[in-house]
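Following: one structure in structure tokens, then a few remarks.
Quick note: the coordinates plus some simple rules give every number you see, no bench work behind them. The shown structure was predicted, so the numbers you read here are calculated from the model rather than taken from an experiment. Reconstructed Cβ throughout: ideal geometry from the backbone, glycine too, with neighbour counts over all protein chains shown.
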Amino acid sequence: MNHPTTAPMFRERSGRSVDFLRSGFTGISGLLVDTDPHTAAPLRDVRDICTGGKHLRSLLVHIAADRPAGPVPHCDISVAAAFDLLHGSFLILDDVIDEDETRRGRLTVHAAARNRAVGEYGVRGAGDAEHYGRSVAVLSGAAALTGAIRLVADSGADDATTVALIRLLTDAAGLSMTGEFLDVHYSLPGVVADADSVRTASCLKTSPYSFDAPLIAGATLAGRDGDISALRDIGRHAGAAFQLANDLQSVFSPSSRTGKSTAGDLFLGRATPLLTAARQTGARTELEETLAGDNQAGLPRIRELLRACGAVDEVVTRARGDLAAARALLDETGALPSTEARAGFSAVLDGIGESLRV
């Protein structure tokens, strides 16, 4: 998904958060490698996941903090980095759950660890190697999550703000885990989830930690508690549109753009809003039969069915409605005080809108 190229002041601050996060990995690496050099490879894999990507979440923290031009407090840098690290944690764990082999053109943490188990450590059984790889990834994801909390705790914000931010981050993480559980649960053949339940799970997976919490964190750091309610509503709408755009991109865009295997959620039977909408049409039978083949060769026909049955149009319309609601709230509430911050967030919304063009 494309993200904004405007708002250079906020993008530069996001870059500083990434640099701070990268320096933290360097420090941890020295400590762990001194303990045992075998920690170097998995730590490098985790670092690359957590410091790569587009850094939307740290950007949103800085946009919402809306500091004037010039130096910004270290607490902004650290808290923004925490949300990028939290995102990295979830990517690592999500790749285990979805059994994805690649992320952004590289082996996922669990796949790389599995290959090392075979190639370097003499593991012969495929099951043993897979177990080792998944174990490394689960531990790595958990470590990244606790690291994100530590970045907030050590940010230098005053005590009351720090407590509020830790609650905010951990609440958002818990909601995302709930959404991920529901996503997996709804994929079971004996579970029938209605469209509202699927939409709720979809929103919970991404919106709280990707939009709501980063925006609220920025306002909290800046002492603008009066803007929190509006930013929560803005984030909820933007996050809903973002997830719907992600669902579309995962089916209609190449892995080189999305960073994940194409249509992976479809072939895993995930009950996305897109697939749920299609299942409520006459295309359901052929769609299910094609998906049952678990074969990428059927993807062109799946795409045709999703378009022809109206599911794509339904998802795009809903996402555009959420984007319009986010824009209206942004204009009405003044929750982002400066012209620069409003322009920066508008660019984020524009990027989501562009991703709906499939």
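Restricting attention to segment 125-160, which residues are part of a helix (DSSP H, G or I), among the hydroxyl-bearing types (Ser, Thr, Tyr) and in contact with a helix residue (DSSP H, G or I) (Cβ under 6 Å, 6 or more places away or on another chain)? Reasoning before the result, please.
Kept after step one, since they are part of a helix (DSSP H, G or I), are these residues of segment 125-160: 126-153, 159-160.
Now narrow it down to the ones that are among the hydroxyl-bearing types (Ser, Thr, Tyr): 132, 135, 140, 146.
Correct list: Tyr132, Ser140.
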- Note on the structure: Exactly one of Arg11, Arg47, Arg16 is basic (Lys, Arg), within 17 Å of Gly147 (Cα to Cα) and not in a loop (DSSP other than H, G, I, E, B), and that one is Arg47
- Gly239 vs (1) surrounded by fewer than 17 Cβ atoms within 10 Å (Cβ to Cβ); (2) assigned to a helix (DSSP H, G or I): all pass except (1)
- Query: With Asp247, Asp233, Asp227, Asp212 as the choices, which residue is in contact (Cβ under 8 Å) with a residue 40 or more places away in the chain, surrounded by fewer than 24 Cβ atoms within 10 Å (Cβ to Cβ), within 19 Å of Ile166 (Cα to Cα) and not aliphatic (A, V, I, L, M)?
  - Reply: Asp227
- Task: Only residues that are out of contact with any Gly (no Cβ under 9 Å at 6 or more places or on another chain), of a type in the set (A, V, I, L, M, F, W, C) and in contact (Cβ under 8 Å) with a residue 24 or more places away in the chain: list them for segment 192-209, please.
- Result: Ala193, Ala195, Val198
- Query: Residues Gly88, Gly70, Gly53: which one is in contact (Cβ under 8 Å) with a residue 40 or more places away in the chain, out of contact with any helix residue (DSSP H, G or I) (no Cβ under 7 Å at 6 or more places or on another chain), of a type outside the set (Val, Ile, Thr) and over 25 Å from Ser229 (Cα atoms)?
  - Reply: Gly53
- Message: Quick test of your reading of the structure: Arg303 fulfils all but one of (1) buried (at least 19 other Cβ atoms within 10 Å of the Cβ); (2) touching a Phe, Trp or Tyr at 6+ places or on another chain (Cβ under 7 Å). Name the failing condition by number.
- Response: (1)
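Check segment 16-25 and report whether any residue there is under 26 Å from Asp350 (Cβ atoms), of a type outside the set (Lys, Arg) and buried (at least 24 other Cβ atoms within 10 Å of the Cβ).
There is at least one residue in segment 16-25 that is under 26 Å from Asp350 (Cβ atoms), of a type outside the set (Lys, Arg) and buried (at least 24 other Cβ atoms within 10 Å of the Cβ).
Might you let me know whether segment 337-344 holds any residue that is free of Cβ contacts under 8 Å to residues at least 40 places away in the same chain, more than 23 Å from Tyr186 (Cβ to Cβ) and in a helix (DSSP H, G or I)? Before the answer, list the steps.
Taking segment 337-344 first, the residues free of Cβ contacts under 8 Å to residues at least 40 places away in the same chain are 339, 342.
Now drop any that are not more than 23 Å from Tyr186 (Cβ to Cβ), which leaves 339, 342.
Applying the additional criterion that residues be in a helix (DSSP H, G or I) yields 339, 342.
Among the residues of segment 337-344, at least one is free of Cβ contacts under 8 Å to residues at least 40 places away in the same chain, more than 23 Å from Tyr186 (Cβ to Cβ) and in a helix (DSSP H, G or I), which makes the answer yes.
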- Message: For the condition within 19 Å of the chain's Cα centre (by Cα), part of a loop (DSSP other than H, G, I, E, B) and of a type outside the set (S, T, N, Q), what is the one hit in Asp95, Asp84, Asp100?
- Response: Asp100
- Note on the structure: Of the conditions (1) on the phi > 0 side of the Ramachandran plot; (2) in a helix (DSSP H, G or I), the single one that Gly122 does not satisfy is (2)
- Query: Which residue out of Arg134, Arg114, Arg199 is surrounded by 15 or more Cβ atoms within 10 Å (Cβ to Cβ), in contact with a His (Cβ under 6 Å, 6 or more places away or on another chain) and of a type in the set (D, E, K, R)?
  - Reply: Arg134
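Residue by residue, here is whether (1) outside any loop (DSSP other than H, G, I, E, B); (2) not β-branched (Val, Ile, Thr) holds:
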| site | (1), (2) |
| --- | --- |
| Thr281 | no, no |
| Glu288 | yes, yes |
| Ala297 | yes, yes |
| Arg307 | yes, yes |
| Val316 | yes, no |
| Gly321 | yes, yes |
| Ala324 | yes, yes |
| Ala335 | no, yes |
| Leu349 | yes, yes |
